[in-house]
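Reviewing the structure listed below.
The values are calculated or read from the model by the stated rules, or taken from the named source; none is laboratory data. Because the structure is a prediction, the values reported are computed rather than measured. Glycine also receives a Cβ, built like all others from the backbone with ideal geometry; neighbour counts cover every protein chain displayed. Note: accessible area is taken over every heavy atom of the protein model, side chains too, but ligands, DNA and RNA are not part of it. Shrake-Rupley method; radii C 1.70, N 1.55, O 1.52, S 1.80 Å.
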Amino acid sequence: MKQKALRLMLVLGLSAGTASAQFGGVVYDPTNYHNAVLRYFQLQQQLLQLRASYAQLVAQYNLAIRMAKNIQNMPSRYRAFFSQWRNTAARDVYGNTGAWTR
(Lines give C-alpha, C1' and ligand atoms only; values in the text may rest on other atoms or scores of the structure.)
Protein backbone atom coordinates (compact mmCIF):
# COMPACT_ATOMS: atom_id res chain seq x y z
CA MET A 1 0.00 0.00 0.00
CA LYS A 2 2.81 2.36 0.85
CA GLN A 3 4.56 1.54 -2.39
CA LYS A 4 1.39 2.21 -4.40
CA ALA A 5 0.93 5.56 -2.70
CA LEU A 6 4.60 6.43 -3.27
CA ARG A 7 4.35 5.49 -6.96
CA LEU A 8 1.17 7.51 -7.34
CA MET A 9 2.81 10.56 -5.74
CA LEU A 10 5.86 10.14 -7.98
CA VAL A 11 3.73 9.88 -11.14
CA LEU A 12 1.64 12.92 -10.11
CA GLY A 13 4.78 14.92 -9.26
CA LEU A 14 6.41 14.19 -12.61
CA SER A 15 3.30 14.79 -14.68
CA ALA A 16 2.38 18.11 -13.07
CA GLY A 17 2.78 21.17 -15.30
CA THR A 18 4.58 24.36 -14.36
CA ALA A 19 2.79 26.69 -12.05
CA SER A 20 1.89 30.15 -13.34
CA ALA A 21 0.74 33.08 -11.28
CA GLN A 22 -0.32 35.15 -14.29
CA PHE A 23 -2.84 34.22 -16.89
CA GLY A 24 -2.02 36.78 -19.63
CA GLY A 25 1.75 36.56 -19.40
CA VAL A 26 2.37 40.34 -19.40
CA VAL A 27 2.02 42.60 -16.40
CA TYR A 28 0.95 46.16 -17.22
CA ASP A 29 1.88 48.79 -14.67
CA PRO A 30 0.38 52.17 -15.63
CA THR A 31 2.62 54.15 -13.26
CA ASN A 32 5.77 52.56 -14.65
CA TYR A 33 4.55 53.12 -18.20
CA HIS A 34 3.78 56.78 -17.47
CA ASN A 35 7.27 57.29 -16.01
CA ALA A 36 8.86 55.60 -19.02
CA VAL A 37 6.93 57.85 -21.43
CA LEU A 38 7.89 60.91 -19.38
CA ARG A 39 11.59 59.94 -19.49
CA TYR A 40 11.30 59.38 -23.25
CA PHE A 41 9.92 62.88 -23.82
CA GLN A 42 12.64 64.35 -21.60
CA LEU A 43 15.27 62.54 -23.67
CA GLN A 44 13.73 63.95 -26.83
CA GLN A 45 13.95 67.49 -25.41
CA GLN A 46 17.56 66.94 -24.40
CA LEU A 47 18.35 65.68 -27.89
CA LEU A 48 16.82 68.79 -29.46
CA GLN A 49 18.79 71.00 -27.10
CA LEU A 50 21.98 69.08 -27.87
CA ARG A 51 21.41 69.50 -31.61
CA ALA A 52 20.87 73.25 -31.18
CA SER A 53 24.03 73.56 -29.08
CA TYR A 54 25.99 71.59 -31.65
CA ALA A 55 24.74 73.81 -34.49
CA GLN A 56 25.68 76.93 -32.53
CA LEU A 57 29.17 75.58 -31.79
CA VAL A 58 29.70 74.71 -35.45
CA ALA A 59 28.61 78.22 -36.46
CA GLN A 60 31.00 79.78 -33.93
CA TYR A 61 33.83 77.56 -35.14
CA ASN A 62 33.19 78.51 -38.77
CA LEU A 63 33.13 82.19 -37.81
CA ALA A 64 36.46 81.82 -36.01
CA ILE A 65 37.95 80.13 -39.08
CA ARG A 66 36.70 82.91 -41.38
CA MET A 67 38.05 85.56 -39.03
CA ALA A 68 41.43 83.80 -38.85
CA LYS A 69 41.67 83.74 -42.64
CA ASN A 70 41.09 87.50 -42.82
CA ILE A 71 44.20 88.41 -40.81
CA GLN A 72 46.84 87.18 -43.22
CA ASN A 73 48.30 90.62 -43.89
CA MET A 74 47.97 92.20 -40.47
CA PRO A 75 51.59 93.41 -39.96
CA SER A 76 51.77 95.13 -43.35
CA ARG A 77 48.21 96.32 -43.08
CA TYR A 78 48.70 98.25 -39.88
CA ARG A 79 52.29 99.32 -40.36
CA ALA A 80 52.41 103.03 -39.69
CA PHE A 81 55.17 105.53 -40.00
CA PHE A 82 55.55 107.59 -36.93
CA SER A 83 55.49 111.30 -37.38
CA GLN A 84 58.73 113.10 -36.94
CA TRP A 85 59.06 115.30 -33.95
CA ARG A 86 59.33 118.93 -34.76
CA ASN A 87 60.55 121.75 -32.70
CA THR A 88 57.88 123.51 -30.79
CA ALA A 89 57.64 127.18 -30.35
CA ALA A 90 55.66 129.09 -27.77
CA ARG A 91 55.64 132.74 -26.88
CA ASP A 92 57.43 133.49 -23.69
CA VAL A 93 55.40 136.47 -22.58
CA TYR A 94 55.71 135.98 -18.85
CA GLY A 95 58.99 134.08 -18.87
CA ASN A 96 57.68 130.68 -17.84
CA THR A 97 57.11 128.75 -21.12
CA GLY A 98 60.63 128.98 -22.46
CA ALA A 99 61.90 126.22 -20.17
CA TRP A 100 59.03 123.94 -21.12
CA THR A 101 59.61 124.19 -24.84
CA ARG A 102 63.36 123.58 -24.64
- prompt: Hey, of (1) 37, 16, 9; (2) 24, 14, 10; (3) 101, 19, 16, which did the structure itself give for semi-axes √(5λ) of the Cα gyration tensor in Å when calculated?
  reply: (3)
query: How much area per residue is accessible in the chain when the probe is 1.4 Å and only protein heavy atoms are counted (Å²)?
result: 108 Å²
Phi-based couplings in Hz for segment 62-70 (Karplus 6.51, -1.76, 1.60; Gly and Pro marked x): 5, 5, 5, 5, 4, 5, 5, 6, 7
- prompt: Is segment 30-69 rounded, prolate or oblate when judged by the Cα gyration tensor, a ≥ b ≥ c being the square roots of its eigenvalues, rounded requiring a/c under 1.5 and prolate requiring a/b larger than b/c?
  reply: prolate
- request: Just grab the label-to-label distance for LEU47 and LEU6, each label 7 Å out from Cα along the Cβ direction, in nm (one decimal).
  value: 6.5 nm
- request: Pull out the extension gain between ALA59 and TYR40, defined as 0.36 nm times the separation in residues minus the alpha carbon to alpha carbon distance; nm, one decimal.
  value: 4.0 nm
query: Taking the Cα atoms only, what angle lies between the long axis of helix 2-15 and the longest principal axis of the chain, rounded to 10 degrees?
result: 40 degrees
message: Can you give me the % of accessible surface on the chain that is carbon or sulfur? Probe 1.4 Å, all protein chains present, nothing else counted.
response: 61 percent
